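One structure is given here, and the rest of the page talks about it.
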Amino acid sequence: MARTQQSPGVMDPQSALGFLAQASGLLAASLDYERTLKQLAELAVPRLADWCGVYLTRETGEIEPVAVTHVNPERADLVRQMLERFPVRPTDPVGVADVIRTGRPHSYPEITDDVLVAMAYDDEHLKLLRSVELGAGMVVPLRARGRVFGAFSLGNDRGRPLNSDDAPLVEEFAARAGTAIDNARLFADRTYVAQTLQRSLLPGQLPEFDRLALAARYLPGAPDVAAGGDWYDVLALDGHRVAIVVGDVVGRGAAAAAVMGQLRTALATALLHGDSAALALEHLDRMAARIPGALASTAVVMILDLTTGELCWCRAGHPPPLLVAHDDVRYLTEGAGGPLGIPGRPPYPQAATRIEPGACLLLYTDGLVERRGQVIDEGLDHLAFTAAQLRADPPTTLLDGLLARALPETGPADDVALVAARYLPAPLHQVLPAEGAAVGAAPGGARLGGGRCAARRAG
């Protein structure tokens, strides 16, 4: 875009208010403050000046240009390249560094050669600065809560003075930008803390087993909520049994994540102590009744014997796991009890079945299948249909495919945690036990209680 031939005129009050309204709209539209600053610089050029630059200080003390704009994009590119080679030094006695250091705005009705010499690293840098042909400039601090963290600069080409009457408008513009940037940075910091909390409460790495291929995913339910109450866990109970757990705490945010951390730890402790799936949930139920915010949480526990394929499970108010086999896709609806912490409920039942190598177990939270204005059965049907189409895929690909097809483009409305566990054939060197240890199956292939699924303690 070619620059205008005349200096921008002083804005009348109505135009100034319109300009500030546009700027405020940009600042309110996104929490990505660096992208917003680039848009603000483009808004300022050419309405306020030929040039606009926005600079932020980093934790290291460095001053980084996040936006450089000129009416001629090619000239802006040249200045960006120059700043990469010769960044603004915090000790520079003039310009952006001086304004950030002192917190006072500064106008340069004429940018003399002495100013360029004071900013130059060496003769090569001085030559490049002169080639920019900057004639006049204005730099105002970006600040919030009494702290300066950047600068907003305007400039005109040589022979085109800046309008000094625009200084109050530029300072108001910078003040609004400073407040918005500070708020966005605070949000980013809180998001980082929440994400760190969430990562610390979920398994950093899934365990590895010869006969079980695993994959897990966690997605927060909103872009502005980085932590939540959904969780998953995989535990090696002994040399051949594995517990797979998924749970859901009511609510979102750090408070729900804190409750989730307590429940996850309590359930893992019970399982590692030798409890069956049902007995572990009984213990978790008593714990949930004592933890503020844990009432009506849900969980499902599955224990798989990797030697025999025997599967025991129990669920507390949680959606049923999905069994995806080569010739069968069905929900394991047995072993169902009420949500955690609800007084007066009956004991948790436990179910059992045997799965064959190649079968995949899918445990998930309700955020994967619930949609506003849709009954949950529709979501369950869609999940089973999609899983059947992807049944041959390894767990990692299966989960990615499910998330891509089951969730809207805008992402989940609620947190989502899910685990896929595929039971693998025995290695050739492993001798399998003889058949015949199974107990009679209940309708649907499951059986209730009994056998190796009964409550027991590690020896």
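Every number in this text was worked out from the coordinates using simple rules, so none of it is lab data. Computed from a prediction, not measured in an experiment: that's the story for all the values here. All Cβ positions, glycine included, derive from the backbone under ideal geometry; neighbour counts span all protein chains shown.
Here are the numbers for the structure shown:
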| item | result |
| --- | --- |
| Packing-based ranking, highest mean first, of 102-113, 296-307, 137-148 given that Cβ atoms within 10 Å are counted | 296-307, 137-148, 102-113 |
| Cα-centred dipole magnitude for region 1-118, charges only on beta-carbon of K, R (+1) and D, E (-1), debye, nearest 20 | 180 debye |
| Antiparallel bridges, percent of DSSP beta bridges restricted to the chain (to nearest 5) | 95 percent |
| ARG290 versus THR179: modelled label distance in nm, points set 7 Å from Cα along the beta carbon direction | 4.8 nm |
| Cα shape, region 1-122, gyration tensor, a/c 1.5 rule | prolate |
| Extreme residue, positive dipole direction of the chain, given options LEU116, PRO161, VAL419 (C-beta unit charges) | VAL419 |
| Given charges at Cβ of Lys, Arg, Asp, Glu: the chain dipole, positive-most of LEU407, GLY367, VAL140 | GLY367 |
| Global geometry of region 282-424, whether rounded, prolate or oblate, following the gyration tensor of its Cα atoms and the 1.5 cut on a/c | oblate |
| Tensor-based shape of region 318-396 (alpha-carbon gyration tensor, a/c under 1.5 rounded, otherwise prolate or oblate) | oblate |
| Computed label-point distance, nm, for sites GLN14 and GLU59 using a 7 Å Cα→Cβ extension | 4.9 nm |
| Net charge of Cβ neighbours under 13 Å - reference MET287; Lys, Arg +1; Asp, Glu -1 | 0 |
| Cβ charges +1 (Lys, Arg) and -1 (Asp, Glu), total dipole of the chain, debye | 1100 debye |
